[in-house]
Amino acid sequence: MFLMIVGLVAFFTLHLVPANRELRDGLVARFGEGPYKIGFSILSLIAFVVIIMGFAKMQDPHYLGSKNPILWYPPVWSRHLAMLLMLPAFIALVSAYVPSRIGAVLKHPMLVAVKIWALAHLLANGDAAGLVLFSSFLAYAVYDRISLKRRGNVGKSAAGVSVINDAIVVGIGLTLFILMLFYGHPLLIGKPVI
């Protein structure tokens, strides 16, 4: 679990930088906007890979030291609810990148997607590694949303956005949901959903 926790601490520490406007502006002034974003992205990706590696090791019963106790056994209905929640999570995720009225209503659609994803996975998993991973992402997303509101960041706007964009967001979100359900989850996570 140590590796996963190191990754989580690094990932969330990095993501606190944009919340501190003075620190972010100082880094941008020193290195420039482009290098700051590139460095932030690379370091975030490295931390995310460390999280995944740590979580994967906790799931492998053959890995030395992979003690991942089961804290509770989720009922079957919670897994079905988790699958159902993932559809709006994917739609929110897509609306973070495609201008739409859906994104404007959600204000900060990436945070909405992370909150739904984390909650869904907390419902469906009863192991210690899952509890640490998903509750930390949920807590961070809640914190970041509160932080954005306090900083006056109102989120996305729907100005000049066509209803066609909403259809595109829903279509891509549904496609990603189906791909993850049948192919992505078993391939990336090693556990079939269905």
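Computed from the coordinates by the stated procedures, all read-outs in this text should not be read as laboratory data. Since the model is a prediction, treat every value here as computed from it, not as a measurement. All Cβ positions, even for glycine, are placed from backbone atoms using ideal geometry, and neighbour counts span all protein chains on display.
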Percent of Cα pairs exceeding the 19 Å cut-off, where the set is region 1-68: 43
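Please identify the chymotrypsin sites (Phe, Trp or Tyr not before Pro) of region 1-102 that satisfy two criteria: DSSP loop assignment and at most 15 other Cβ atoms within 10 Å. Which are they? Don't skip to the end; give the middle numbers.
Working: sites: F2, F11, F12, F31, Y36, F40, F48, F55, Y63, W72, W77, F90, Y97; in loops: Y63, W72, Y97.
Filter output for region 1-102: Y63, W72, Y97.
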Environment charge at V114 (Cβ cut-off 13 Å; Lys +1, Arg +1, Asp -1, Glu -1): +1
Within a Gaussian network of the chain (alpha carbon springs, distance under 10 Å), most fluctuating of I172, I51, I38: I38
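Take each complete run of DSSP H in the chain, measure how far its Cα atoms stretch along the helix's own axis, and keep only those covering 18 Å or more with mean Kyte-Doolittle hydropathy at least -0.5; list them. Before the final figure, lay out each step's value.
Working: long enough: 2-16 (21 Å, 2.39); 33-59 (39 Å, 1.25); 76-95 (30 Å, 1.61); 109-124 (22 Å, 1.73); 128-150 (33 Å, 0.83); 163-179 (24 Å, 2.24).
Counting only whole DSSP H runs, the qualifying helices are 2-16, 33-59, 76-95, 109-124, 128-150, 163-179.
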Among D127, D166, D60: highest mean-square fluctuation, GNM of the chain, C-alpha pairs under 10 Å: D60
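In region 41-122, what trypsin sites (Lys or Arg not before Pro) fall in a loop by DSSP, with at most 12 other Cβ atoms inside 10 Å?
Sparse-neighbourhood loop trypsin sites (Lys or Arg not before Pro): K67.
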